[in-house]
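See below for the structure under consideration.
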Amino acid sequence: MKITKIIAVLGFGAAAAGLFCGCGNNNKKVKGSSEPVETVFAVSTYKAVPRNLDDYLEFGGNVETSSNVEIYPDVQSGKLSKINVKVGDKVKKEQVVALVDASRAGMDYQSSPIKAPVDGTITSFPYNVGSTVSAAMSVGKISSTGTLEIKTNVAERFLSRVKMNQRAQLTFDAFPGIVFPARLVEIDPILDTNTRTLGIKLLQTPSDSRLRAGMYARIKLITDTKKNTIVIPHNVIVRRNEEDIVYIVDTLTNTVKASPVKRGIRVDDKQEIEMGITPGDLVVIKGQALLSDGAKVNVVSIVE
């Protein structure tokens, strides 16, 4: 007996649903003809292969230098007679950054040097020659710009997921599409009772010269990593008879099998599958809504 095949392209909404739902028999008769019709559903599939899946928490935070040291004169008071540095200059410890003249009317003193207390970069020096300074007054700031850190706060409900040395990914508006690595290096011992948050500090490492203190970072703190696990798009799963199922294509018969699955963690639109799919399976990712176990399919594309 001759069988006429009809390929049903899924995804046309309610009209398509009304056409194909309500009957488990894929062989029908065309009106006015005695020949049975075999319905074949056009589907797209995803080849299941083991992958890594990172779960994360997302925050925002400001980039800061890892250390800031104030520069103070050694003399009680005087006027700046010479400034040897400008903002952005790198200095060494004990390097003379400025001179102070402590002379008074009728009394001449030798200029006193102001020295850098540490190695670093001059990030602030707001005074000019002739400005009056004193031993209690900071005349500038030296920062360690080679190492940058990001401080942020974690809500109390997430504390169980935060641990020392966790990896993080940083992104910045100034560098779209680029991910900078970081690491969690400090967790405050006490919660802020007003905000119910815990302060944490991340170190941007290895350091990248493109980043600057003061930039705003979007942080993804990696809290869990599943290695070599099956991951599929979340919306592929169909709920039938109180079970989560996916449809797997049998390439020998061009039919599908309804396979119950056990979910793992979900990250954005990605779903880990702990049971029900094996590596190499072709999982239907488009056209699954109207399928039933044993339905004939035509695979129009395979995504890996």
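Among Val85, Val267, Val43, the residue with the largest mean-square fluctuation in a Gaussian network model of the chain, with springs joining Cα atoms closer than 10 Å, is Val85.
Can you give the FRET efficiency for Val129 and Tyr216, using 1/(1 + (r/R0)^6), R0 = 25 Å, r = Cβ-Cβ distance, to the nearest 0.05? Approximately 0.10, to the nearest 0.05. Based on Cα contacts under 8 Å between residues 6+ apart, region 229-294 shows a relative contact order of 39 percent. Pick from Arg218, Arg157, Arg167: which is most flexible by mean-square fluctuation in a GNM of the chain where alpha carbon atoms under 10 Å apart are linked? It is Arg157. Selection among Val162, Gly130, Val238 by position relative to the dipole of the chain gives Val238 as farthest towards the positive end (Cβ unit charges, Cα centre). For the chain, the solvent-accessible area with a 1.4 angstrom probe is 58 square angstrom per residue. Each Lys and Arg adds +1 at its Cβ and each Asp and Glu adds -1 at its Cβ; summed about the Cα centre, region 64-210 shows a dipole of about 280 debye. On the basis of the beta-carbon distance and an R0 of 25 Å, Leu252 and Ser301 show a calculated FRET efficiency of 0.85. Considering only Cα atoms, the convex hull volume of region 154-218 works out to 107 Å³ per residue. If I model region 242-287 as equal point scatterers sitting on the Cα atoms and use the Debye formula, what is log10 I(q)/I(0) at q = 0.20, 0.26 Å⁻¹? Scattering profile of region 242-287, log10 relative to I(0): -0.70, -1.06. The share of accessible area on the chain that comes from carbon and sulfur is 50 percent, using a 1.4 angstrom probe. Evaluated on region 181-304, the Kirkwood hydrodynamic radius is 18.4 Å, with distances taken between all distinct Cα atoms. Computed from the C-beta positions of Thr195 and Thr278, the FRET efficiency with R₀ = 51 Å rounds to 0.60. If the viscosity is 1.567 mPa s and the temperature 4 °C, what Stokes-Einstein diffusion coefficient in µm²/s follows for region 102-189 when Rh is the Kirkwood radius over Cα pairs? Stokes-Einstein gives a translational diffusion coefficient of 71 µm²/s.
Assuming charge only on the beta carbon of Lys and Arg (+1) and of Asp and Glu (-1), the dipole of the chain about its Cα centre is about 640 debye to the nearest 20. Treating each Cα of the chain as an identical point scatterer and summing with the Debye formula, the log10 of I(q)/I(0) at q = 0.08, 0.14 Å⁻¹ comes to -0.62, -1.05.
The values are calculated or read from the model by the stated rules, or taken from the named source; none is laboratory data. Since the model is a prediction, treat every value here as computed from it, not as a measurement. Cβ sites come from the backbone with ideal geometry, for glycine too, and all protein chains shown count toward neighbours. Calculation scope for accessible area: heavy atoms of the full protein, side chains included, ligands and nucleic acids excluded. Shrake-Rupley method; radii C 1.70, N 1.55, O 1.52, S 1.80 Å.
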